[in-house]
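Below is one structure, written out as structure tokens, with a few remarks after it.
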Amino acid sequence: MSHEHEFTSRVVWTGDRGEGTRTYRGYDRTWDIATPGKPVTHCSNDPRLGGDPSLPNPEDLLLSSLSACHMLWYLHLASAAGIVVTSYEDEPVGVGESTPDGAGRFVRAVLRPVIAVQEGADLVRAEAIHHEISRVCFIARSVNFPVTYEPRFVVG
């Protein structure tokens, strides 16, 4: 039997320069994300759409969430398989497309983790774990674009 979970967040637009949205270029595309008991995350739109390039945008956050969820499940499943992971870093790439009217979507993502494992680890099993995660990772199960994996293992 499945159980529902509720996640909460507070998103507050911070981009009013004093005249609200009176003109299209007259306001900032910035906001804060506040989740109960956690630090506030300052965000902006994609720079191509007038956003601040020094702040995360929704696309950054989605790709990072996908990667982090995958990592956490990977660590869990590796531990259960007796594979000792000593470090894990990912530099995922999300590919999006935009239509002439400005609508956009992700069309695919590639997770490219570099994973350090202890000597003697079963690398075939370590690689296979990546393909099991899509059936359990909350974020991966929620996206409607293909996600592939290009892991690299470092032994030692």
What whole-number value in Å² describes the accessible area per residue of the chain for a 1.4 Å probe? 68
Over its alpha-carbon atoms, the chain yields an Rg and a Dmax in Å of 19.1, 64
Among 123, 51, 111, flag the residue with its Cα farthest along the positive direction of the charge dipole of the chain, charges on Cβ as +1 for Lys/Arg and -1 for Asp/Glu. 51
Could you please state how large a percent of the accessible area of the chain is carbon and sulfur, counting protein chains only and using a 1.4 Å probe? 53
Counting only residues 5 or more places away or on other chains, whose amide H sits under 5 Å from the amide H of residue 108 once H atoms are built in the peptide plane? 95
For the stretch 37-81, what is the relative contact order in percent, using Cα pairs closer than 8 Å and at least 6 residues apart in sequence? 24
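If the only charges are +1 at each Lys and Arg Cβ and -1 at each Asp and Glu Cβ, what is the size of the charge dipole of the stretch 47-151 around the Cα centre, to the nearest 20 debye?
So the dipole magnitude of the stretch 47-151 works out to roughly 320 debye.
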Calculated [θ] (222 nm, deg cm²/dmol) that DSSP helices of n ≥ 4 give over the chain, each run adding -39,500 (n - 2.57): -6000 deg cm²/dmol
Can you tell me what share of the DSSP beta bridges in the chain is antiparallel? A percent to the nearest 5 is fine. 75
Long-range amide H partners of residue 57, meaning residues 5 or more apart or on another chain whose placed amide H is closer than 5 Å, are 44
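Sorting 125, 135 by accessible area (1.4 Å probe), largest first, what list results?
135, 125
The values are calculated or read from the model by the stated rules, or taken from the named source; none is laboratory data. Source: prediction; values computed, not measured. Because the Cβ atoms are built from the backbone with ideal geometry, glycine has one as well, and the counts that use them run over all protein chains shown. Just so you know, the surface numbers come from the protein's heavy atoms only, side chains and all, with ligands and any DNA or RNA stripped out. Shrake-Rupley method; radii C 1.70, N 1.55, O 1.52, S 1.80 Å.
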